Each structure stands twice: as C-alpha cells, then as structure tokens.
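A.B. asks: Submitted below is the structure of interest, expressed as structure tokens.
Since every read-out is calculated from the coordinates, none of them should be taken as a lab result. Keep in mind it's a predicted model, so treat the numbers as computed, not measured. All Cβ positions, even for glycine, are placed from backbone atoms using ideal geometry, and neighbour counts span all protein chains on display.
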C-alpha cells in the first residue's frame, strides 16, 4: 500500500486546508477523487483529477509563468496553464531561485524578558553550568581504524548490570578521521567529537585511536584540549591491539564509573534545556501540523530562557527572508546569509547540484514539490521568537532563545551537529516516518499525520496529525511537546531510545585522499 492511505473523502466544506488568504492553492486533507466538490473561501469548485492526500489543488485559474503561493509566499511558477480544481505538483510547478529584498533590523534588539514562572526538570548539574538529561559513558573512535574496537568495547558491557545512575555505554563509531586533509575537514570532525565527549549528557568518555591516523587523540588530551578528569585516551598500536585495548578500556570505564558514583538527578531550571529542532521524511503536513506545533514549543522555551536550535541550512533556503526579519541584529542576519551563500558555493563544487536536490522522492510523494515549499514549512519549527544567534556546525551553543546552526539537511549529520553543539534533547518531526535516534541524546518523534502515526506507533511519541484531523490545535500539541520535553529531560524514555536507535554520522565536507 502507498504511504497515502485510501480513506473516505471528507465533506466538501472540510476537503482542503487554505493556509493563507492570498494563496492560490489549498492542501487536500485526504485523498480526493476526480469530480469531488470543494468549498473553500466562499467559492465552490470541483477537482478535475484526483488529488493525493497532502497535495495541492488550484483554487482559481493560474496562467503559465504566474507565481504559485502557499503560506502567502511564492513557491515557484506555473509551467503551464492550470485549471481550478487541478492537481498542482512537479508536473506543472517549476522551481525558481528567488531573490529577496531583505528587511534587516535597524538596530540591535534586546533579549526578550523572561517569564517569572520557570519550571524545573530532574537533570544532572554539570561543572560548566550546563545540565544533562542523561548520564552516559561515551566510547568515541578518533577514526574509522578504531571504530570496530570501540563497538567491541561497548558490546562487552551488554548484559552487565551498570550503576543505577549510568544510562549506558554509548559508542561513537564513524568512517572518518583519516584519508583527508588536516584542514577544515579534520577541524570540523575534531569539533564534533569534542562536542559529543564534553557534552552535558556524557559523564565520562574514552577516546580511542589506531595511533597513526590524521585525527590524533592528542588533540583531545593535550594542553589546548578542554580540561577533564573524566576523559581517558588510548591507541590500539600503543596498547597492544584490539583485544588488549578492549580489556584496558573496560578497566578504564570501571574506574570512570567509580568517579561518577555520586552523580544523581537533581532539580534543574528548565532554562537549561537546549532543544535541537530537526525534521526528516517531511511531507506537506509538516508545515501545517508538527512544525508549527514545535514552533509553539520553541516559543515557550524562549520565554523561560531556554534554547531552541534550528538546523538544516538547506531547508532554510527560500525562507531565509523570514528569519532575517527576526534577527536580533544585522550582524546575526548577515551571518545566516553567509552560511546560506557558503552552502551554495559548497554545492557548486559538485556539478549539477543545487539546493532543490534536497526534496527526496518521499518528500515529493508526500506533496512537497520543491525546496522553497519544503523550507517554508521547515522554518516553522523555530516559532516566532527573535533569532538571537547563528553558529557553525557543531559549535557550542550558549543561547538563550532561538539559535540557528549551519548543518546539512541530511538527518544523521544534522543531529550530530546539534549534539556536538550541546543540545540535551532533540525533537524530530516526520511525515513519512523516520526512525532515527542518537547515542546520548533522547530524540522525541512527532508525526505530522495520523496515518503515519498509526502505522509506526512504535517509533512515534506524539501525533500532531490530530491538528489536521480537527481534534487538536497547534497550541495544544505545542504544549504537549513542551510537557514531554520536560518529562524526557527528567528521564522518561522516548520511542527511539526504547528501540535502541543510536545513529551517528559526522558531516564530512571534503574529498578522500
């Protein structure tokens, strides 16, 4: 069966969703057959072909070359004349890069005043002032050459009883760390691995190398590294090979557990929440249900001095003008545009690549025609509050409020950047049904439509599809997400955690040598 379930069509008055009075399209709530009557905005029309669930239907005649609007924003031009009631998608909607007259802030804006009532959660208070929502011991490979041994170390603890205050032994294998230059690529990997080891959800860590790779473990242990008495490093070559390194690491981890014995959950201000915002397997409902609801949650976090971090630079493209207007200062706005321009140049290195390559076949099947339409829905995750800062991939996040991080749209690489920056909870919206998690950070899944939620209930924590079903409001689901973030921060397990999802993929930006 298609991911778009066959269901009884809604009534004429409830057939489609009109998102803005200036739009010349609407979105089908459910699959609409040819000849189905629609009543929207005081007019009546009839579908001239079938409209899949979540796809667009023209509300009036649209001439070839005319702009098509969704959310009151342009999402491309009509390739051909389009009739009222006709399906609007890639076959008749052309992608076109838009150029904006940006509305920069005239002067630096102050940080918003905070709410007088800030809730708490039960977390781990760390020496650097941050708060952990989990307490892991991490085993991190410095390179692919140490990845298998890192996995063996973590696997050797399977079935063993760990102290009650230790959530587990989290392993970070990956395919990088050698075979590339010592320049920006290695520096970005080092920033990423440093971020996941010196993370509020990690009580202690082991950094493991082969010994001869580009990414030497001395970077993490030397005089310029962050100081930590809970970081142990070793190489296979110096320790005596795979088996000897597993044995030595097990002893080191046992010693680290002793050091962590006093770590307990204590009441922590919810202003210490750093919520990573991500979406994957998006569909047309993402920008109607889950993303606006997550945006409402993001605004609630901003009100209490917590932080919400929007990622995926490729999914800001086409909506950047909306974020520029919300920037705290012109410098913050220009930093966002710098990263977008840099991403375009990055893609230009690979012939034929552009931002519109981002929508996947699943995105398109779910009703998203191009990156402009996808981005306008994606940025809704950041709500309406002021954009206070923009940071590069895996850079430390300080907050408060809404922050933008430069990451790819590729989900595992995006999550790795958010994690390295310090996100202690991640909220992930999905229309098609992504199952991704992270080794040390709880990932909350929010389904954009009820069909996906019902189909993948083992993977989904919250059903935002109830908004499109008329059973809940954006504000109600947003509050539900906010409340779950606090419960998860206090230790409640997410679906991804219960299923053991722990994907980790750093962003590699350069060639292999």
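A.B. asks: Rounded to two decimal places and with Rh computed the Kirkwood way over Cα pairs, what is Rg over Rh for region 8-154?
C.D. replies: With Rg and the Kirkwood Rh in hand, the quotient comes to 1.26.
A.B. asks: Taking the Cα atoms only, what angle lies between the long axis of helix 330-348 and the longest principal axis of the chain, rounded to 10 degrees?
C.D. replies: Taking the Cα atoms of the chain, the angle to 330-348 is about 90 degrees.
A.B. asks: Give the separation of the Cα centroids, region 403-427 to region 75-125, in Å.
C.D. replies: 19
A.B. asks: Here's a follow-up. Simple spin-label model, 7 Å along Cα-to-Cβ: residue 251 to residue 113 in nm?
C.D. replies: In this crude spin-label approximation the distance works out to 6.1 nm.
A.B. asks: Roughly speaking, what is the centre-to-centre gap between region 11-42 and region 151-225 when only Cα atoms are used, to the nearest Å?
C.D. replies: Here the answer is 51 Å between Cα centres.
A.B. asks: Just order 451-461, 233-243, 35-45 by mean Cβ neighbour count inside 10 Å, highest at the front, would you?
C.D. replies: Highest-to-lowest ranking by the protection proxy: 451-461, 233-243, 35-45.
A.B. asks: Hey, another quick one. Taking 0.36 nm per residue of sequence separation and subtracting the Cα-Cα distance, how much length would be gained by fully extending the chain between residue 101 and residue 473, in nm to one decimal?
C.D. replies: Gain on extension, residue 101 to residue 473, equals 130.6 nm.
A.B. asks: What nm value, rounded to one decimal, do you get for the distance between residue 351 and residue 91 when each label is placed 7 Å out toward the C-beta?
C.D. replies: Placing both labels 7 Å beyond Cα along the Cβ direction yields 3.3 nm.
A.B. asks: Given only helices, namely DSSP H runs of n ≥ 4 each adding -39500 (n - 2.57), what is the per-residue ellipticity at 222 nm of the chain, to the nearest 500 deg cm²/dmol?
C.D. replies: Helix-only estimate at 222 nm: -8000 deg cm²/dmol.
A.B. asks: How would you rank 355-363, 115-123, 191-199, highest first, on the average number of other Cβ atoms within 10 Å across their residues?
C.D. replies: 191-199, 355-363, 115-123
A.B. asks: For residue 238 and residue 344 in the same chain, what is the full-extension length gain: residue separation times 0.36 nm, less their Cα-Cα distance, in nm?
C.D. replies: Separation in residues times 0.36 nm, less the Cα-Cα distance, equals 33.8 nm.
A.B. asks: Could you let me know the centre-to-centre spacing of region 452-511 and region 322-395, using Cα atoms, in angstrom?
C.D. replies: Taking the Cα centre of region 322-395 as reference, the centre of region 452-511 is 22 Å away.
A.B. asks: Computed from the mean reciprocal separation of all distinct C-alpha pairs, what Kirkwood hydrodynamic radius does region 12-94 have, in Å?
C.D. replies: Averaging 1/r across every pair of different Cα atoms and inverting gives 12.2 Å.
A.B. asks: Another question about this same structure. Order these peptides, 411-422, 342-353, by their mean beta-carbon neighbour count within 10 angstrom, highest first.
C.D. replies: Ranking, from highest mean packing down: 411-422, 342-353.
A.B. asks: With axes computed from alpha carbons, what is the tilt in degrees of helix 474-489 against the longest principal axis of the chain, rounded to the nearest 10 within 0 to 90?
C.D. replies: Rounded to the nearest ten degrees, it is 10.
A.B. asks: For residue 164 paired with residue 330, estimate the spin-label separation in nm (one decimal), with each label point 7 Å from Cα along the Cα-to-Cβ line.
C.D. replies: Here the modelled spin labels are 5.8 nm apart.
A.B. asks: Here's a follow-up. Answer with a single label: of (1) 75, 52, 46; (2) 99, 65, 61; (3) 81, 51, 40, which was calculated as Cα extents along the principal axes in Å from the structure in view?
C.D. replies: Checking each listed value against the structure points to (1).
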